[in-house]
Amino acid sequence: MWMFVGILLLARPQRIPFVFNGLALFILVRSGFIILTHIGPFPTRSTFDLNAIMQSFTFGGDLFFSGHTGAPFLLALMFWKDSRLRFAFLAAAVLFGAAVLLGHLHYSIDVFAAFFISYGVHDLARFLFRRDWEFFDAANGARNRRQLSGLGFARRWA
């Protein structure tokens, strides 16, 4: 998925600042949630785990909220105007969410909360990085401020 996002960004470099800032904010918010929620790994967790390298950094306790579900959903919100990309990222979010639930790699609340928190991160990123959002949105075809797409809080403050 990350190679696909890289290709999308290289195709239109105006998108890079907002996507990087949004993902950095996502990681920062997720780090705060991980610090605040001390949930242990699922008791009947799948032994099939390709993240051995990542576990040396996270120690396997990075459950709330699911980054596998939240990151694709955040990208779907960013690329909302393009229906093909929106569908692809929403499908990835649902697929990853189902995979981590079926593999017992996350609790259900970790996956379900990811959608709501990611929406909040997207809105906050649009508010904090308004100029980057305008460049991003212009790269997607908006010609003036009235055409700039809006979701929630950031739109009210523009």
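The values are calculated or read from the model by the stated rules, or taken from the named source; none is laboratory data. Computed from a predicted model, the values in this text were never measured in an experiment. Cβ coordinates were reconstructed from backbone atoms using ideal geometry, including for glycine residues, and neighbour counts include every protein chain displayed. Just so you know, the surface numbers come from the protein's heavy atoms only, side chains and all, with ligands and any DNA or RNA stripped out. Shrake-Rupley method; radii C 1.70, N 1.55, O 1.52, S 1.80 Å.
Using only Cα atoms, locate the centre of the range 105-130 and the centre of the range 15-32, then give the distance between them in Å, rounded to an integer.
Using only Cα atoms, the two centres lie 11 Å from each other.
Determine the sum of side-chain charges near residue 15: Lys and Arg each +1, Asp and Glu each -1, restricted to other residues whose C-beta is under 10 angstrom from that of residue 15.
So the surrounding residues net to -1.
Determine, for each peptide in 84-94, 106-116, 1-11, the mean count of other beta carbons within 10 angstrom over its residues, then list the peptides with the highest first.
106-116, 84-94, 1-11
Expressed in nm to one decimal, what extension gain is obtained for the pair residue 82 and residue 4 from 0.36 nm per residue of sequence separation less their Cα-Cα distance?
Once the chain is fully extended between residue 82 and residue 4, it gains 26.6 nm.
Rounded to the nearest percent, how much of the accessible area of the range 61-115 (1.4 Å probe, protein heavy atoms only) is carbon and sulfur?
The value for the range 61-115 is 76 percent carbon and sulfur by accessible area.
How high is the FRET efficiency between residue 99 and residue 27 when r is their beta carbon distance and R₀ equals 30 Å, given to the nearest 0.05?
0.90
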